[in-house]
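The values are calculated or read from the model by the stated rules, or taken from the named source; none is laboratory data. Predicted model only: the values in this text are computed from it and were never measured. Positions of Cβ are backbone-derived with ideal geometry, glycine not excepted, and every protein chain shown enters the neighbour counts.
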């Protein structure tokens, strides 16, 4: 008999990664993924080289702000896995049920997939570039020492964040745990409000432990080895300790006899009147599919509430607010919109036998997707407007709202196309379930981010004109192109072979 | 008697794999036909094509005199289909499934009475307002059969309706088949459970590698000689 239960987690993880790689049948996609893997390194080098042209006074101001970037990364490293129940998974759990996969393997798999989160990746690139630049002129060995410190800090923050994510996920398997973590969440929110409202942010940042890490990076650059090695040793210790702790936490969380976040399946729900209109009836079912799914419900709440609160607290300029909707709309697209028909899951086969289903189904999925995208971008915008400095011109306000509208509509158009091109079977039941495979998630998040960032920058440029109606007219071509893209996807959906492929894939039939 | 289901030269290919290999199928009103055969024989694919889920690669399909490929919505209105796996929206309740079916099929206002009656007969009334994600496999099968029969279709397509279903559920399914047959529906049942196929259906078609290898009264597949004949049809 084989002793498969004793295979180390790292070996299991390598086997799972190799299988995932072999499952990518298309050579161009393999090349694209390989390119995407080395792209961040290229971006860091390009960023470091381009920043050498900045004047010296910029170096000083960046050096002062660097610990704040580190604090921001810690917040992100904790929030991202917290929202996704510990992080992204290499495979849905039901696909691995026949194999003796260790909890530590599952935990380390979520760590490996941290870069799938575009916000994480952008922040990582920014940390390398900012630190490398702020420490001094580019020099091969000294800069490398400072960047080693950054790499260890990123690793430590990511490991700590994921461990906290798994810990909270474990707690939330019981009713008491959910109450405790909910109270903890509310307290954290209140503390955040208090800190911003009492203008204690600067004081707190000055005392942040991340300052010590940044100083360690500088010491590494300057050849002050004792101080640098102390910081490096502490960071390595944090990584090792939390990695071991994370292995144990994952084991505890996965073994807990909880309700696996599927509490709605065991209680009766009140009956509601259903519209006699096919589209509205399907929309009602789609709403239920979103709100009764734990990961989707949590994702919607986070998307709608968190950016709004952060924008409100940040006290941004209207020029900056124009850029906010792009990032948030991209996040909304990744919730389920890149594989919208998976909302029906196994039910899609039955649905496709109902007369008059085809067009209303496409419309209903698009509407529920648009509602969420719009709610997220508008929440961020309205939140941001509460404490924003007065706009320089009415064109900035108009540009911000048009940017929000266009980014939401664009993401829906792109997401519906992706739903037809890359259907994927996903239950969206467990806390770490995602609507697509990690590769598709990463590729789509880059695509969304690219398109929406350019759109936001386009409106930022229009806002500079000072003419209030220019962003309004500027929105028309974007909206028309998006509508055309969406309409053409709808025509493709009408084709029986295309529809059958989607239905059979999302239903697992 | 006129054919309610009529498929001619039906072919379904998935790339180089031919799942259904150009066969003809005719099912008149009030007929009950069992589709039997090994895994991968083409039973489920055939039912999916008849239900309008999957378009055929070639051939024609007529449902109650309607060209199902040219007028798919009109054909779907005549068909009730229970798929072989799943078939239920995980986060919707049975009652919401029935509401949706009633809306999409423009059923008359007394649909609620029939829905309650069927839920009771399939022993699902107590869970009518719970999401189907929490259902056992057997409960899901019963619900799928119920949905297929809900609008009293002219063509009832049941794919593995007895799989994992308890005796009371099997009895309820048999009752529905008898009831719809009496009303004039054509019924096709795909199953691996030969005894239940024979109990449910008068005729049987044996499929092998996407082709019809035998068509006979279902009763001829019973007993020791019937079982031997069936076995030889599957392997020869």
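Looking at (1) surrounded by fewer than 23 Cβ atoms within 10 Å (Cβ to Cβ); (2) farther than 21 Å from residue A:506 by Cα; (3) free of Cβ contacts under 8 Å to residues at least 60 places away in the same chain; (4) touching a helix residue (DSSP H, G or I) at 6+ places or on another chain (Cβ under 8 Å), which one does residue B:58 not meet, given that it meets all the others?
(4)
Looking at the structure I just gave you, is residue A:296 surrounded by 15 or more Cβ atoms within 10 Å (Cβ to Cβ), touching a helix residue (DSSP H, G or I) at 6+ places or on another chain (Cβ under 9 Å) and either more than 30 Å from residue A:13 (Cα to Cα) or within 11 Å of another protein chain (Cβ to nearest Cβ) (or both)? Break it down stepwise before answering.
Details: surrounded by 15 or more Cβ atoms within 10 Å (Cβ to Cβ): yes; touching a helix residue (DSSP H, G or I) at 6+ places or on another chain (Cβ under 9 Å): yes; either more than 30 Å from residue A:13 (Cα to Cα) or within 11 Å of another protein chain (Cβ to nearest Cβ) (or both): yes.
In short, yes.
Output yes when any residue across the range A:193-201 is modelled with pLDDT of 90 or more and part of a helix (DSSP H, G or I), and no when none is.
Filtering the range A:193-201 for residues modelled with pLDDT of 90 or more gives none.
For the range A:193-201, residues modelled with pLDDT of 90 or more and part of a helix (DSSP H, G or I): absent.
Can you find a residue that is touching a helix residue (DSSP H, G or I) at 6+ places or on another chain (Cβ under 7 Å), within 14 Å of another protein chain (Cβ to nearest Cβ), surrounded by fewer than 14 Cβ atoms within 10 Å (Cβ to Cβ) and at pLDDT below 90 anywhere in the range A:256-268?
Of the residues in the range A:256-268, the ones touching a helix residue (DSSP H, G or I) at 6+ places or on another chain (Cβ under 7 Å) are A:256, A:261-262, A:265-266.
Restricting the remaining residues to those that are within 14 Å of another protein chain (Cβ to nearest Cβ) gives A:261-262, A:265-266.
Filter again for surrounded by fewer than 14 Cβ atoms within 10 Å (Cβ to Cβ), leaving A:266.
Then keep just the ones that are at pLDDT below 90; that gives A:266.
Yes, some residue in the range A:256-268 is touching a helix residue (DSSP H, G or I) at 6+ places or on another chain (Cβ under 7 Å), within 14 Å of another protein chain (Cβ to nearest Cβ), surrounded by fewer than 14 Cβ atoms within 10 Å (Cβ to Cβ) and at pLDDT below 90.
In the range A:63-95, what count of residues is obtained for those that are in contact (Cβ under 8 Å) with a residue 24 or more places away in the chain, over 21 Å from the mean Cα position of the chain (by Cα) and under 30 Å from residue A:22 (Cβ atoms)?
Total meeting the criteria: 1.
Any idea which of A:374, A:354 is under 30 Å from residue B:104 (Cβ atoms), modelled with pLDDT of 95 or more and buried (at least 22 other Cβ atoms within 10 Å of the Cβ)? If you could, list the steps in order and put the result at the bottom.
Values: A:374 fails: buried (at least 22 other Cβ atoms within 10 Å of the Cβ).
Only one candidate qualifies: A:354.
Just to check your reading of the model, which residue among A:312, A:330 is under 17 Å from the mean Cα position of the chain (by Cα) and either more than 14 Å from chain B (Cβ to nearest Cβ) or farther than 28 Å from residue B:83 by Cα (or both)?
Working: A:312 fails: under 17 Å from the mean Cα position of the chain (by Cα).
The unique qualifying residue is A:330.
Yes or no, residue by residue, for (1) within 14 Å of chain B (Cβ to nearest Cβ); (2) in contact (Cβ under 8 Å) with a residue 40 or more places away in the chain; (3) assigned to a helix (DSSP H, G or I); (4) in contact with a helix residue (DSSP H, G or I) (Cβ under 7 Å, 6 or more places away or on another chain):
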position	(1), (2), (3), (4)
A:420	no, yes, yes, yes
A:425	yes, yes, no, yes
A:429	yes, yes, no, yes
A:451	no, yes, yes, yes
A:474	no, yes, yes, yes
A:480	no, no, yes, no
A:491	no, no, yes, no
A:505	yes, yes, yes, no
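Restricting to the range A:333-347, and then to whatever is within 11 Å of chain B (Cβ to nearest Cβ) and part of a helix (DSSP H, G or I), can you tell me which residue is nearest to residue A:287 (Cα to Cα)? Spell out the reasoning first.
Narrowing the range A:333-347 to residues within 11 Å of chain B (Cβ to nearest Cβ): A:342-347.
Those still in the list that are part of a helix (DSSP H, G or I) too: A:342-343, A:345-347.
Values: A:342: 13, A:343: 9, A:345: 14, A:346: 17, A:347: 15 Å.
Within the range A:333-347, the match that is nearest to residue A:287 (Cα to Cα) is A:343.
Suppose we filter A:49, A:54 for residues that are part of a helix (DSSP H, G or I), over 23 Å from the mean Cα position of the chain (by Cα) and more than 27 Å from residue A:109 (Cα to Cα); which single one remains? Please lay out each step first, then the result.
Working: A:54 fails: part of a helix (DSSP H, G or I).
Checking each option against the conditions leaves just A:49.
Within the range A:306-313, is even one residue at pLDDT below 90, within 30 Å of residue A:89 (Cβ to Cβ) and buried (at least 21 other Cβ atoms within 10 Å of the Cβ)?
Yes: the range A:306-313 contains one or more residues that are at pLDDT below 90, within 30 Å of residue A:89 (Cβ to Cβ) and buried (at least 21 other Cβ atoms within 10 Å of the Cβ).
Go through (1) in contact (Cβ under 8 Å) with a residue 60 or more places away in the chain; (2) within 14 Å of chain B (Cβ to nearest Cβ) for residue A:350 and report which single condition fails.
So the condition that residue A:350 fails would be (1).
Checking residue B:163 against (1) in contact with a helix residue (DSSP H, G or I) (Cβ under 7 Å, 6 or more places away or on another chain); (2) modelled with pLDDT of 95 or more; (3) assigned to a loop (DSSP other than H, G, I, E, B), which single condition isn't satisfied?
(2)
Kindly list, by first and then second residue, each pair from a residue in the range A:1-28 that is at pLDDT below 85 to a residue that is assigned to a helix (DSSP H, G or I), limited to pairs with Cβ atoms under 8 Å and residues at least 6 apart or on different chains.
A:24/A:30; A:24/A:33; A:24/A:439
Determine if the range B:160-170 includes at least one residue that is touching a strand residue (DSSP E or B) at 6+ places or on another chain (Cβ under 8 Å) and either surrounded by fewer than 24 Cβ atoms within 10 Å (Cβ to Cβ) or within 11 Å of chain A (Cβ to nearest Cβ) (or both). Can you show your working first?
Step one: list which residues in the range B:160-170 are touching a strand residue (DSSP E or B) at 6+ places or on another chain (Cβ under 8 Å), which gives B:160-161.
Okay, now just the ones that are also either surrounded by fewer than 24 Cβ atoms within 10 Å (Cβ to Cβ) or within 11 Å of chain A (Cβ to nearest Cβ) (or both), so B:160.
The answer is yes, given that some residue of the range B:160-170 is touching a strand residue (DSSP E or B) at 6+ places or on another chain (Cβ under 8 Å) and either surrounded by fewer than 24 Cβ atoms within 10 Å (Cβ to Cβ) or within 11 Å of chain A (Cβ to nearest Cβ) (or both).
Do we have residue A:439 as in contact (Cβ under 8 Å) with a residue 60 or more places away in the chain, surrounded by 22 or more Cβ atoms within 10 Å (Cβ to Cβ) and in a helix (DSSP H, G or I) here?
On the way: in contact (Cβ under 8 Å) with a residue 60 or more places away in the chain: yes; surrounded by 22 or more Cβ atoms within 10 Å (Cβ to Cβ): no; in a helix (DSSP H, G or I): yes.
No: the conditions fail for residue A:439.
With A:452, A:342 as the choices, which residue is modelled with pLDDT of 90 or more, closer than 23 Å to residue B:101 by Cβ and buried (at least 22 other Cβ atoms within 10 Å of the Cβ)?
On the way: A:452 fails: closer than 23 Å to residue B:101 by Cβ.
It is A:342.
Say whether the condition of being farther than 30 Å from residue B:70 by Cα and out of contact with any strand residue (DSSP E or B) (no Cβ under 6 Å at 6 or more places or on another chain) is met by at least one residue in the range A:352-367.
Step one: list which residues in the range A:352-367 are farther than 30 Å from residue B:70 by Cα, which gives none.
For the range A:352-367, residues farther than 30 Å from residue B:70 by Cα and out of contact with any strand residue (DSSP E or B) (no Cβ under 6 Å at 6 or more places or on another chain): absent.
Please work out which residue is nearest to the other protein chains (Cβ to nearest Cβ), limiting yourself to the range B:105-138 and to residues that are within 23 Å of residue A:506 (Cα to Cα) and buried (at least 23 other Cβ atoms within 10 Å of the Cβ).
Out of the qualifying residues, it is B:131.
Please tell me if residue B:19 is within 14 Å of chain A (Cβ to nearest Cβ), buried (at least 18 other Cβ atoms within 10 Å of the Cβ) and closer than 17 Å to residue B:151 by Cβ. Let's see the steps before the verdict.
Values: within 14 Å of chain A (Cβ to nearest Cβ): yes; buried (at least 18 other Cβ atoms within 10 Å of the Cβ): yes; closer than 17 Å to residue B:151 by Cβ: no.
No.
With the requirement that a residue be closer than 16 Å to residue B:212 by Cα, crowded, with 18+ Cβ neighbours inside 10 Å and in contact with a helix residue (DSSP H, G or I) (Cβ under 7 Å, 6 or more places away or on another chain), what does the range B:26-44 give you? Even if it seems obvious, please write down each step before you answer.
Of all residues in the range B:26-44, those closer than 16 Å to residue B:212 by Cα come to B:26-27, B:33-44.
Subset that is crowded, with 18+ Cβ neighbours inside 10 Å: B:27, B:33-37, B:41-44.
Within the range B:26-44, B:34, B:35, B:36, B:37 meet the criteria.
Is it the case, given these coordinates, that residue A:104 is modelled with pLDDT of 90 or more and more than 18 Å from the chain's Cα centre (by Cα)? If you could, list the steps in order and put the result at the bottom.
Numbers: modelled with pLDDT of 90 or more: yes; more than 18 Å from the chain's Cα centre (by Cα): yes.
It is true that residue A:104 is modelled with pLDDT of 90 or more and more than 18 Å from the chain's Cα centre (by Cα).
Test of understanding: among A:193, A:242, which residue is under 26 Å from the mean Cα position of the chain (by Cα) and farther than 20 Å from residue A:70 by Cβ?
The unique qualifying residue is A:193.
Could you tell me which residue of the range B:65-96 is surrounded by the fewest Cβ atoms within 10 Å (Cβ to Cβ), considering only residues that are more than 7 Å from chain A (Cβ to nearest Cβ) and under 21 Å from residue B:163 (Cα atoms)?
First, the residues of the range B:65-96 that are more than 7 Å from chain A (Cβ to nearest Cβ): B:65-72, B:74-75, B:78, B:80, B:82, B:84, B:94.
Filter again for under 21 Å from residue B:163 (Cα atoms), leaving B:80, B:82, B:84, B:94.
On the way: B:80: 27, B:82: 28, B:84: 20, B:94: 26.
If we take residues in the range B:65-96 being more than 7 Å from chain A (Cβ to nearest Cβ) and under 21 Å from residue B:163 (Cα atoms), then B:84 is surrounded by the fewest Cβ atoms within 10 Å (Cβ to Cβ).
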